[in-house]
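The values are calculated or read from the model by the stated rules, or taken from the named source; none is laboratory data. Quick caveat, the model's predicted, so the values are computed rather than measured. In this analysis, Cβ positions are derived from the backbone assuming ideal geometry, glycine residues included, and neighbour counts consider all displayed protein chains. The protein model used for the area step is the full one, side chains on, heavy atoms only, and it has no ligands, DNA or RNA in it. Shrake-Rupley method; radii C 1.70, N 1.55, O 1.52, S 1.80 Å.
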Amino acid sequence: MADSTISDADKIRQKRLAKLGGLPTNSIATPSQPTPAAESVAPPPPQESQKSPPSTEANGNPFAQLGLKEKEPERKPTQIKIRPRPVSPAQKRPGDASRPRSKTRETESFEVWQDRNLRSIFRVTLNPEESGDSHGHSFMFLSSTRDDLGDGPPLLNTEILEGAITEAASHAPGNKPFEYLLTCFKRVSRGLRSGRFDGEVERKRETLREARRLCMSYCIFAVTMPDLFGEHVPASNPLVDHLLQDPECDTGICTDFLDEANARIDEDDTIKDALVRAAEELSTRLAGVNMLGDYRQYVGGMRNLIRYKKFADAITQSPMWAPPDIEAVDIETKTLLGPFFRLSPMQLDVARSYFSAPKTRDRGYIANAQNACRITLRTHQDELHRITDQIVRSGAGAKERMLDWFALCVNKNHKKRAMRVDYKIVSSDGFMVNVTNALDQLCEPFMDAQFGKIEKIDVDYLRRNPRVDISEETKINADQKTADDFFAVKAEGTSNFISEVFFLTVAAHHYGTEAAQERHATLKKTVKRMEKDLEGFDSERQQYANDPSQARSMQFMRYVIVWLLRLASRQDLPAKEQLQLPLPSEQPEVFRTLPEYFLEDIVDNFKFIVSNIPHIITPQQSEEILQICVTFLRNSEYVKNPGVKSGLVTILYYGVQAYHNHARGLLGDLLIGSPFAHKHLLHALMKFYIEAESTGTHTQFFDKFNIRFEIFRVIKCIWTNTMYRENLAKEAAINTDFFVQFVNMIVNDVTFVLDESLSSFAKIHELTNELKSSAFAALDEEQKKEQTELLESEKGKAKSYMQLTRESMDTLILFTETLANAFTMPEVVTRLAAMLDYNLDIMVGDKRTNLRIENAAEYEFDPRALLQDIIKVFLNLRDKPAFISAIVHDGRSYKQHNFANATDLMTTLQKLNMAPEEIAAWRSLAQRLAHAAAELAQEEEDLGEPPDEFLDPLMSELMTDPVILPSSRTTMDRSTIKQHLLSDPTDPFNRVPLRIEEVVADTEMRGRIEEWKAERLVARRGEKEAAAAAKAAAVAESEAMDMSR
């Protein structure tokens, strides 16, 4: 400048330029299509001198290399027929292809060429009378620069170029110096890339390179020191504004610009600061945009930046990257990547837009909206994967910081799996699902179909300063002290990348996908309870039900299944061995101390998929689902949480439900045909059926019926295969106590649910009649409301229990038909007979009219079908003497006329669909029961009333096999205590734990009872004989008197 006094701004500028001055540039620009703006740079001649060494650009540009060879003698210019672009008419001469250039162009001095090209690049002039070029581009007159030249020639050159740039940028159109400098940079880059030069080739190239270097430097100044160009300081980062534009347009950040920045970032810290600040503002702006807005330009801008490893490394060092003190709810808006992962159709505004009025829309509209969601989300998640994958590949530092960010996301969101989630303090479901999906995709390279890299997952990862925080997580089968002791012993070495990503992904599934699915289940229940909020809930629910990431999530969970089975079984699965059960009795410590969510998330994930989208599961995946379910039900002691184990049953239950054209569901055919299932499934189901009696939760009473209902459904599905029946018979013979315990549970359940169902129907009948009576009309409103609510409560209870009653009776029929002996053991048969007698009395006895209710189909109640089921159980056991004896010993409910009534219903009234042979068998049973009842009555008459000391203290019946309980020293019948211990393993008199092996036979009491019975029978026989003799004597005396007459 002409002024001798240097302003503060100029001092700053000169200081920064001193640092930038003379910086070499070795970036290679990517070829792009020239625009008319490039025509102002003088077109190069077709040949170049080889005297100068080739520049960096020549080495990288194949067209420049070709130009270097064109001066070889054997090549003639006239042989070149095709030009890179047409020559303007003003430059074209007749016969130009065969003649050299005009003398005017050949004699143009370097200074004139330099001035002409710099004016064209920066669109400036030192001539006040020059307003533009021949292409119609306006030029800016640089008065200060012209004054600085004084009396010298008005030609631009690199010596005064800095001042010219400063003056031009200060007067940039629209007060946008960055945009002006960016367009200049693009023009000079195109000139370097496509130009050919006469004469002093390297000197001309160096001029353009210097112009480009200064353009880049001043672009950075426009971002970091905007006041250098005047008082009009932009409110936002201009670099961000142009990152959001198409890179191919005149004002978009192009590859050439980023290449130049990448080449100079190591020598110029301001470039790094500018790019990091741009990334931060890009993220901050996106935080206010959802998927309904134009979010793609932000994603594209970030992708353009992180394509360069140095940029990615710098961006991951931003204070915004992963601040350790950030709250979970702020991660998706105040970390650098958060706003990108926040974008999802699960955002409420987006969901409402996609699914407005879902209950009134037709199925086609809903299906189209779901497809649009899937496509949009899948595309965005692929973009997120490209971003994270590029960062991971950018170097060790960037990779570690990327893993740190993922760890921050999962560790800060532990409260997403709380009993009652406060969604105001945790990250959103959409954000966490995207995080999970990104990690899933990072796992894909090592998740091959043959599990070839599964050994690279380090089982000691959690003992080696893991990124994943599991300190407060419940473990699979270890208490907190055991886990703390185990993890206190640190493992040596360092964790590999595969292990890091694997354990992070499992945690992300727990706090991400599975948390979202849990919320989906809650929303479904809430919709049913709160009809007034149906529209709002349902529009959001649609998003959870149609997440396209489920298939990828399932693939990862499949890998976790195999890894867990390898860990628990200590077998080399699946490559070299087939899974063998049962598992070792000693559980591996590394398995026991794993966070419970390793198994819980598998259960939740496949429960959701099998129940909602089973069609995405392949046959191979079905095999693995079967293995994980059967393994940990068969070896239920490996898992502490009963909820996780019941989830395994639920997966099997959903798997046998029909869908589309699959009558047996997803897993039905597999369960019927799998050798692994034949060997282990039935035992696994029976074992958990027994365990469900006491789950340890406050809802265990109701939980057990839900669990057993699902087990019944699975058993009904597989019962068509006779192999299961054969295996069950072997099981009953080998493991008798276990099987008797299972049978006892079935009898208990059938007894309870039948009693509850039929009692509810009787109550419904009574209340319905009351509501129709005149007495109800006389009640006040409060009393009427109370009676009405009571009726509705009974209706709900009856409907629930009736479903379980049908399943229980079907199972009882199947098992009594196959294994009748198991149901006639002393500890079972008495209660079974009493239950059947009692319910037969309700169905055909004097009070059967109480079961007549309105709208019986509403409760799925079919009295005829229920009576038929009860009769079938009777008939299945009719040939067992113990069963006959138990029926007639039931003094409370056995009534001979009930069997006659049932016979009438089967024959005379024709209300039951029974085969003739079944009716004949029923009649035969009734006759045998009548005969046995007569014999029993005679025996009871002969014995009379037994002493109280000979009666069982619980059943008040004469003991036949008395035993002494070791702790309470109470004597009771063996069959009674065995029956009690099947449900409650304690002494019934003091609650001390008790096993049947601990009771002691009371031989003294048994001897006394037998002695008493013998004495009573002898005395009774004597009485009978005396009575018979007296009767005979009386008859003889009567006959003698008649003869004497």
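Within the range 673-705, work out how many residues are open to solvent by 30 Å² or more (accessible area, probe 1.4 Å) and at pLDDT 90 or above. It would help to see each step written out before you state the result.
To start, the set of residues in the range 673-705 that are open to solvent by 30 Å² or more (accessible area, probe 1.4 Å) comprises 673, 675-676, 679, 687, 691, 693-694, 696-703.
Applying the additional criterion that residues be at pLDDT 90 or above yields 673, 675-676, 679, 687, 691.
The qualifying residues number 6.
Would you confirm whether any residue within the range 715-732 is surrounded by 18 or more Cβ atoms within 10 Å (Cβ to Cβ), without any contact (Cβ under 8 Å) to a residue 40 or more places away in the chain and either assigned to a helix (DSSP H, G or I) or assigned by the TED database to the domain that holds N855 (or both)?
no
Pick from the range 164-175 the residues that are open to solvent by 20 Å² or more (accessible area, probe 1.4 Å) and small (G, A, S): which of them is modelled with the lowest pLDDT? Steps first, answer last, please.
Kept after step one, since they are open to solvent by 20 Å² or more (accessible area, probe 1.4 Å), are these residues of the range 164-175: 170-171, 173-175.
Subsequent filtering for residues that are small (G, A, S) retains 170, 174.
Working: S170: 91, G174: 88.
Result: G174.
Going residue by residue through the range 956-970, is there one that turns out to be open to solvent by 50 Å² or more (accessible area, probe 1.4 Å) and in a helix (DSSP H, G or I)?
Within the range 956-970, none of the residues are open to solvent by 50 Å² or more (accessible area, probe 1.4 Å) and in a helix (DSSP H, G or I).
List pairs: first residue in the range 570-595 and open to solvent by less than 20 Å² (accessible area, probe 1.4 Å), second residue of a type in the set (S, T, Y) anywhere in the structure, Cβ distance under 6 angstrom, at least six positions apart or on different chains.
Matching pairs, first to second residue: L583/S569.
Identify all residues within the range 429-464 that are open to solvent by 40 Å² or more (accessible area, probe 1.4 Å) and either among the acidic types (D, E) or assigned to a loop (DSSP other than H, G, I, E, B) (or both); write none if there are none.
E444, D448, A449, Q450, G452, K453, E455, V459, D460
Condition first: part of a loop (DSSP other than H, G, I, E, B), touching a helix residue (DSSP H, G or I) at 6+ places or on another chain (Cβ under 7 Å) and open to solvent by 30 Å² or more (accessible area, probe 1.4 Å). Now tell me which residues in the range 806-852 satisfy that.
Answer for the range 806-852, where residues must be part of a loop (DSSP other than H, G, I, E, B), touching a helix residue (DSSP H, G or I) at 6+ places or on another chain (Cβ under 7 Å) and open to solvent by 30 Å² or more (accessible area, probe 1.4 Å): M825, R852.
Considering only the range 176-184, I want to know if a residue exists there that is modelled with pLDDT of 90 or more, in the same structural domain as M140 (by the TED database) and outside any helix (DSSP H, G or I). Quick ask: steps written out before the conclusion?
At the first step, the residues of the range 176-184 found to be modelled with pLDDT of 90 or more are 176-184.
The next check asks that each one be in the same structural domain as M140 (by the TED database); those that pass are 176-184.
If we keep only those that are outside any helix (DSSP H, G or I) too, we end up with 176.
Checked against the condition, which is being modelled with pLDDT of 90 or more, in the same structural domain as M140 (by the TED database) and outside any helix (DSSP H, G or I), the range 176-184 yields at least one hit.
Based on what the data block shows, is K1013 modelled with pLDDT under 90, among the basic types (K, R), part of a helix (DSSP H, G or I) and under 27 Å from F823 (Cα atoms)? Explain how you work it out, then say what you get.
Values: modelled with pLDDT under 90: yes; among the basic types (K, R): yes; part of a helix (DSSP H, G or I): yes; under 27 Å from F823 (Cα atoms): no.
So K1013 does not fit the description; no.
Under 7 Å by Cβ, and 6 or more places apart or on different chains, what pairs join a residue from the range 669-688 that is outside the structural domain of R708 (by the TED database) with one that is at pLDDT 95 or above?
none
I'd like to verify a number: residues in the range 119-129 that are of a type in the set (A, V, I, L, M) and in contact with a strand residue (DSSP E or B) (Cβ under 8 Å, 6 or more places away or on another chain), how many? Even if it seems obvious, please write down each step before you answer.
Keep residues of the range 119-129 that are of a type in the set (A, V, I, L, M), which gives 121, 124, 126.
From what's left, in contact with a strand residue (DSSP E or B) (Cβ under 8 Å, 6 or more places away or on another chain): 124, 126.
The qualifying residues number 2.
Take the residues in the range 895-938 that are open to solvent by less than 90 Å² (accessible area, probe 1.4 Å), part of a helix (DSSP H, G or I) and of a type in the set (S, T, N, Q); name whichever of them is modelled with the lowest pLDDT. Walk me through how you get there before you give the answer.
Quick first cut of the range 895-938, residues open to solvent by less than 90 Å² (accessible area, probe 1.4 Å) only: 895-907, 912, 914-915, 918-922, 924-926, 929-930, 932-934, 936-938.
Restricting the remaining residues to those that are part of a helix (DSSP H, G or I) gives 896-906, 918-922, 924-926, 929-930, 932-934, 936-938.
Applying the additional criterion that residues be of a type in the set (S, T, N, Q) yields 896, 898, 901, 903, 924, 938.
Values: Q896: 90, N898: 91, N901: 89, T903: 88, S924: 94, Q938: 84.
For the range 895-938, the residue satisfying everything is Q938.
Can you find a residue that is farther than 26 Å from N706 by Cβ, outside the structural domain of M686 (by the TED database) and modelled with pLDDT under 85 anywhere in the range 852-874?
Among the residues of the range 852-874, at least one is farther than 26 Å from N706 by Cβ, outside the structural domain of M686 (by the TED database) and modelled with pLDDT under 85, which makes the answer yes.
For the range 117-132, which residues satisfy the criterion of being surrounded by fewer than 17 Cβ atoms within 10 Å (Cβ to Cβ) and either of a type in the set (K, R) or farther than 18 Å from A172 by Cβ (or both)? Write out each step before concluding.
So the first thing to find is which residues in the range 117-132 are surrounded by fewer than 17 Cβ atoms within 10 Å (Cβ to Cβ), and the list is 127-132.
Across the range 117-132, the qualifying residues are N127, P128, E129, E130.
Scan the range 410-437 for residues that are of a type outside the set (D, E, K, R) and in contact with a Phe, Trp or Tyr (Cβ under 8 Å, 6 or more places away or on another chain) and jot them down. Give the derivation first.
Initially, the range 410-437 is screened for residues of a type outside the set (D, E, K, R), giving 410-411, 413-414, 418-419, 421, 423, 425-428, 430-437.
V410, N413, H414, F431, M432, N434, V435, listed by residue number.
Just for helices (runs of 4 or more DSSP H) wholly inside the range 102-169: which have at least 3 residues that are in contact with a Gly (Cβ under 8 Å, 6 or more places away or on another chain)?
Working: elements: 103-106, 110-122, 143-149.
Helices (runs of 4 or more DSSP H) meeting the threshold: 110-122, 143-149.
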